[in-house]
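The values are calculated or read from the model by the stated rules, or taken from the named source; none is laboratory data. These numbers come from a predicted model, not from an experiment. All Cβ positions, even for glycine, are placed from backbone atoms using ideal geometry, and neighbour counts span all protein chains on display. Just so you know, the surface numbers come from the protein's heavy atoms only, side chains and all, with ligands and any DNA or RNA stripped out. Shrake-Rupley method; radii C 1.70, N 1.55, O 1.52, S 1.80 Å.
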Amino acid sequence: MLSPALDATIRDRSREFEQARRLPDDIAAALTSEGAFASWIPQVYGGEQVSAQAGLDHITAVAEADGAVGWCVMIALTTSLTAYFLPDRYGKEIFHARAVTGGFAAPAGTAVVVEGGLRVSGRWAWGSGTSHCTTIGGRVRLVDQTGATAPRSDGLVAPFVFFDREDVELLDTWHTAGLAGTGSTDYRVERAFVPEGRWVQLGTAAPVIQAPLAQFPLFGLLALGVAAVSIGITRRALTETTALAADKRPQGSGRTLAERAETQATVSRAEATVRSAAAFMADVTGQAWETAAAGDPLSLEHRRGLRLAATDATARCAAAVRDLHLVAGGVDVYLTSPIQRCFRDIHVATQHAMTSARTYELVGRLALGLDTDTRQL
């Protein structure tokens, strides 16, 4: 968890993060010093290696202070899950107590096989936190000289590769309605060399470090991370709405906002949403953790439950924040309003592919016993 001092600093400087469209260096350094990015890094590399639930709780707490900061922590934590699958040499090189990793998991780049590794070119979007990352990665597709997909003889076809930091160019593309402080800009590399084995074949790689976290699907924990950010943002919106309602008297009204029945009902529903969403996530995460801790692989039903809980939490939290934004009234049209920032931030979170509305269809097909492509689970 954040220290009280850093929590207060983040809350006070949220507007600064949004205007800068990235986290300032001193905030990133303070988060690193407090271990905010190291929760899921393996202990053998100097990380904390806490449980899945403890990591999600940490993300939620940071996101309650500021959604963009929570998002950056979430990206670092979920990217660090690759540490359990990397060859030991690169695990030690990339991951340590002060490591901050990030990157985009869609195969937006291409790689050709060369002596000693891969030669990679490409451009990726959604590079959250890349300005303060110690190492940046990106997923690639192996191709031949004509650009056609060309898996290697050992089956390597679409690995997530890690670049030398100096090979990555950050592009100024992050001009957004919400989560502006994440600095989720596009980035690119041109003919970057990636040495043999400095990659993870997502979804099929066997863990090098045996641990319960290595049994969890990366996409499942990524979805839960997005949901954890959404819960934190909603908690902040509730706090801000409660404070506003105690003092604000809507124009022409003799009562405070808090004395209005609509406000009372909206706040109650939002609280119920946050608590029930968190409980659902904790339930399925706890069941999956018990299985993983016993050394058993997670079942398809475990994976389905993780994604359903994450998607539902994100959707319902966004609806709750929207209602709080509406009940706040005219004051919430101003960019200085923290409730409006919560509203904008959470509606960017809803656009993430891992928790988008179409996930309901995926998990619903499985519930109905229909043939379903489950690779994204």
Look at region 144-157 and say how many of its residues are touching a strand residue (DSSP E or B) at 6+ places or on another chain (Cβ under 9 Å) and open to solvent by 20 Å² or more (accessible area, probe 1.4 Å).
8
Would you pick out the residues in region 99-121 that are more than 20 Å from the chain's Cα centre (by Cα) and either surrounded by 20 or more Cβ atoms within 10 Å (Cβ to Cβ) or of a type in the set (Val, Ile, Thr) (or both)?
109, 110, 111, 112, 113, 114, 118, 120
Which of the residues that make up region 240-276 are without any contact (Cβ under 8 Å) to a residue 24 or more places away in the chain and under 26 Å from residue 181 (Cα atoms)?
243
Among the residues of region 11-32, which ones are assigned to a helix (DSSP H, G or I) and open to solvent by less than 70 Å² (accessible area, probe 1.4 Å)?
14, 17, 18, 20, 27, 28, 29, 30, 31, 32
Kindly provide the set of residues from region 143-158 that are at negative phi and not hydrophobic (A, V, I, L, M, F, W, C), ordered by number.
144, 145, 146, 149, 151, 152, 153, 154
Select from region 184-213 the residues that are at pLDDT 95 or above, under 18 Å from the mean Cα position of the chain (by Cα) and open to solvent by 10 Å² or more (accessible area, probe 1.4 Å) and list them in ascending order.
185, 186
Matching entry among 81, 77 (being touching a Gly at 6+ places or on another chain (Cβ under 9 Å) and either at pLDDT below 95 or not basic (Lys, Arg) (or both))
77
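Say we look at region 33-45 and pick out the residues that are in a loop (DSSP other than H, G, I, E, B) and either more than 18 Å from residue 93 (Cα to Cα) or out of contact with any Phe, Trp or Tyr (no Cβ under 8 Å at 6 or more places or on another chain) (or both); which of these is most open to solvent (accessible area, probe 1.4 Å)? Break it down into steps so the answer makes sense when it comes.
Kept after step one, since they are in a loop (DSSP other than H, G, I, E, B), are these residues of region 33-45: 34-42.
After this cut, where a residue has to be either more than 18 Å from residue 93 (Cα to Cα) or out of contact with any Phe, Trp or Tyr (no Cβ under 8 Å at 6 or more places or on another chain) (or both) as well, the list is 34-40.
Details: 34: 73, 35: 13, 36: 2, 37: 5, 38: 6, 39: 6, 40: 0 Å².
Looking at residues that are in a loop (DSSP other than H, G, I, E, B) and either more than 18 Å from residue 93 (Cα to Cα) or out of contact with any Phe, Trp or Tyr (no Cβ under 8 Å at 6 or more places or on another chain) (or both), I get 34.
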